[in-house]
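Only one structure is covered here, and it is reproduced in the block below.
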Amino acid sequence: MKTNDVVTRSERTSSGPASPHLEVAVIGAGPYGLSVGAHLKSKGIAARVFGEPMAFWAHQMPAGMLLRSPRVASNLSDPDRAFTLEAYEAASKLEPCAPLPLDTFVEYGRWFRHQLGSDLDQRSVLRIDRDTHGFRLTLQDGEEIRSTHVVIAAGIGPFKRKPVVFQNLSPNQAIHCYEGRDVRRFAGKRVAVIGAGQSALESAALLHEASAHVEVIVRESHLRWIGMHSWLHHMGPISSLLYSSHDVGPLGISRLVAYPNLVSHIPLKIRDRIRTRAVRPAGSRWLPDRLTAVKISTGRTVVGAVASGDEVALTLDDGSERRVDHVLLGTGYQVDISRYDFLPQQLTRDIEQLDGYPRLAAGFSSSVPGLHFIGATAARTFGPLLYFVAGTEFASRELISHISSNR
Ligand SMILES: Cc1cc2nc3c(=O)[nH]c(=O)nc-3n(C[C@H](O)[C@H](O)[C@H](O)COP(=O)(O)OP(=O)(O)OC[C@H]3O[C@@H](n4cnc5c(N)ncnc54)[C@H](O)[C@@H]3O)c2cc1C
């Protein structure tokens, strides 16, 4: 089907109940959805990307955060590499800076999306059902759209991990790091931050700078910092052999994860080890200085968390107690596609899975013909690059080449 075969919304209105039929519907307008949309458009494939551009980054990331990924790994992907971060900065007369502030990245994504024009539809998708010729999407206003392929680029929003011990605390007492809370509202409050990864440690720094009384509680015996051996990155061609420019994972592994197709052929057990090693909890090297005045308790696990009036009483595994106003969970996320509320149970059951991740083949295809998953949900198959913006280039090219060759 060519672009001009698409039944537009105005045709639908004049011709009664016929609904638009797309070749590709992309769910989610984050870095992955926007990048794939740009590639689809350049190929003249009848596609639409659904969702508010950069919504997760704009509304759920902690205000004031800085990107952990290097600038070169923070580009969205377009076929001519014309809509880079640098091009955005030049067009907006911004001085390039590193690390990249969250607001700049959000604005970059919103600038990037303009190339999609009417291929971007800001409505949310409420539900996806299988149909005789592919899929039927129900949008937030009740409109139905049909599509031959559906690409799920819906991110990690629903996958927040809340350890059992905190389950009984109210949402105001136990807050996940990426619920978009402005840390300024915690000024003067006692906050326990749980976790040793970038989200936890950066949130702790932001809270401290906003005059909260912070303690970080970490299971690990010590904190890890990314990129502390910066000289290894400045040895010219030798560094290029050790690290890819994406900078995902440690020396050596970084090179391997830059080739997701190669990674997908590694036996699952080893692939899992590579994946977890590449994204083990660690903070950026610009964080230690910001945390010098923050209390950090390492080697401690929270074994009890009880609400007591406005306070939360935490019991640690050494028997000690903490009384705080809030607990901030930097406890990461766990991919589980059954938590995407737009996927009906029957459809989720039809998708072959590996512990919540879809089992994928070439072209990011799931076991349901025409249904594709990109971004973090594809990391179990294609490796840890897919957790990051740096994976948008591979995902877009691979997906479009698959769809183009199966038209
Ligand atoms: C605190 C934190 C810091 C991070 N820092 C970095 C970093 O520095 N560099 C990096 O590369 N990665 C970072 N990441 C990882 C980051 O989440 C991914 O790189 C990135 O968001 C992947 O893009 P995406 O398009 O897959 O997902 P998202 O950016 O989450 O986009 C998915 C979009 O889909 C939308 N959506 C969901 N359901 C629907 C629906 N039914 N209808 C319409 N739209 C829908 C969501 O609202 C969302 O906007 C960080 C993550 C966290 C939590």
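Roughly what would the spin-label model give for Ser240 and Glu321, points 7 Å off Cα along C-beta, in nm?
About 6.1 nm separates the two model spin labels.
Give me the percent of Cα-Cα pairs in the range 303-383 that sit more than 21 Å apart, rounded to a whole number.
Values: 1583 of 3240 pairs.
More than 21 Å apart: 49 percent of the Cα pairs in the range 303-383.
Using the alpha carbons of the range 22-117, what is the convex hull volume per residue in cubic angstrom, as a whole number?
Working: hull volume 8.5 nm³, N = 96.
Dividing the Cα hull volume of the range 22-117 by its residue count gives 88 Å³.
Relative to the longest principal Cα axis of the chain, at what angle does helix 268-278 sit, 0 to 90 degrees, rounded to 10?
Helix 268-278 and the main axis of the chain meet at about 60 degrees.
Gap in Å between the Cα centre of the range 84-139 and the Cα centre of the range 337-385?
Computed from Cα coordinates, the inter-centre distance equals 22 Å.
I'd like to check one number: the per residue accessible area of the range 304-407, probe 1.4 Å, reported in Å² as a whole number.
Heavy-atom SASA per residue in the range 304-407 reads 38 Å².
Can you give the net charge of the other residues whose Cβ lies under 12 Å from the Cβ of Ala313, counting K and R as +1 and D and E as -1? Write down the numbers at each step before the final one.
Numbers: positive: Arg190, Arg322, Arg323; negative: Asp310, Glu311, Glu321, Asp325.
Its environment carries a net charge of -1.
Suppose R0 equals 35 Å. What FRET efficiency, 1/(1 + (r/R0)^6) with r the Cβ-Cβ distance, do Ser367 and Ile266 give to the nearest 0.05?
On the way: r = 20 Å, r/R0 = 0.58.
The calculated FRET efficiency here is 0.95.
Per q in 0.07, 0.11, 0.12 Å⁻¹, report the Debye log10 I(q)/I(0) for the chain, using one uniform scatterer on each alpha carbon and no solvent.
Summing over Cα pairs of the chain leads to -0.35, -0.86, -1.02.
Using only the Cα atoms of the range 359-407, build the gyration tensor, take square roots of its eigenvalues as a ≥ b ≥ c, and label the shape rounded, prolate or oblate: rounded if a/c is under 1.5, else prolate if a/b is larger than b/c, else oblate. Show your work: numbers first, answer last.
Details: a/c = 2.65, a/b = 1.37, b/c = 1.93.
Because a/c hits 1.5 or more and a/b fails to exceed b/c, the range 359-407 counts as oblate.
At 1.4 Å probe size, with every protein chain present, just tell me what the per residue accessible area of the range 117-209 comes to in Å².
Details: 3890 Å² over 93 residues.
Ligands and nucleic acids excluded, the result is 42 Å² per residue.
In a GNM of the chain with a 10 Å cut-off on Cα contacts, which of Gly188, Gly370, Gly51 has the highest mean-square fluctuation?
Its mean-square fluctuation being the largest, the pick is Gly188.
Give the residue from Phe388, Leu67, Phe56 lying farthest towards the positive end of the charge dipole for the chain; charges sit on Cβ (+1 for Lys and Arg, -1 for Asp and Glu) and the dipole is referred to the Cα centre.
Final value for the positive-end residue is Phe388.
If you take every DSSP beta bridge whose two residues both sit in the chain, what share of them, in percent to the nearest 5, is antiparallel?
Numbers: 26 of 58 bridges.
Given both bridge residues lie in the chain, the antiparallel proportion sits at roughly 45 percent.
Which FRET efficiency value, to the nearest 0.05, do you get for Leu354 and Ala63 by plugging their Cβ-Cβ distance into 1/(1 + (r/R0)^6) with R0 = 45 Å? Don't skip to the answer; put the middle values down first.
Details: r = 35 Å, r/R0 = 0.78.
Given R0 = 45 Å and the Cβ-Cβ separation, E is 0.80.
Which number do you get for Rg(Cα) / (2.2 N^0.38 Å) in the range 156-314? Could the numbers behind the result be given before it?
Numbers: Rg = 18.5 Å, N = 159, 2.2 N^0.38 = 15.1 Å.
Output field value: 1.22.
Please list Phe135, Phe56 from largest to smallest accessible area, probe radius 1.4 Å, with all protein chains kept in place.
On the way: Phe135 5, Phe56 45 Å².
Putting Phe135, Phe56 in descending order of accessible area: Phe56, Phe135.
Please compute one quarter of the surface area of the Cα convex hull for the range 249-335 and express it in square nanometres. List each step's numbers first, then the result.
Working: hull surface 35.0 nm².
Seen from a random direction, the Cα hull of the range 249-335 projects 8.8 nm² on average.
Just to verify a number: FRET efficiency for Lys295 and Ile226, C-beta to C-beta distance, R0 = 22 Å, to 0.05?
Numbers: r = 22 Å, r/R0 = 1.01.
Once the sixth-power term is evaluated, E becomes 0.50.
If I stretch the segment between Asp182 and Leu126 completely, what's the gain in nm (0.36 nm per residue apart, minus their alpha carbon distance), one decimal? Please report the intermediate quantities before stating the final value.
Numbers: separation 56, 0.36 × 56 = 20.16 nm, distance 2.80 nm.
Extra length from Asp182 to Leu126 when fully extended: 17.4 nm.
Over the range 243-287, with every protein chain in place, what whole percent of the accessible area is carbon and sulfur at 1.4 Å, could you tell me? List each step's numbers first, then the result.
Working: 1380 of 2330 Å².
Accessible surface attributable to carbon and sulfur in the range 243-287 totals 59 percent.
If you put +1 on each Lys and Arg Cβ and -1 on each Asp and Glu Cβ, how big is the dipole of the chain around its Cα centre, in Debye rounded to 20? Before the final figure, lay out each step's value.
Working: 46 positive and 40 negative charges, 145 e Å.
Once rounded to the nearest 20, the dipole reads 700 debye.
By the scheme Lys and Arg +1, Asp and Glu -1, what is the net charge of all other residues having a beta-carbon under 13 Å from that of Arg113? Could the numbers behind the result be given before it?
Working: positive: Lys41, Arg48, Arg110; negative: Glu52, Asp78, Glu107, Asp119, Asp121.
Every neighbour counted, the sum reads -2.
The values are calculated or read from the model by the stated rules, or taken from the named source; none is laboratory data. On a predicted model such as this, the values are computed, not experimentally measured, just so you know. For neighbour counting, all protein chains shown are included, and Cβ atoms are generated from backbone atoms with ideal geometry for every residue, glycine included. The protein model used for the area step is the full one, side chains on, heavy atoms only, and it has no ligands, DNA or RNA in it. Shrake-Rupley method; radii C 1.70, N 1.55, O 1.52, S 1.80 Å.
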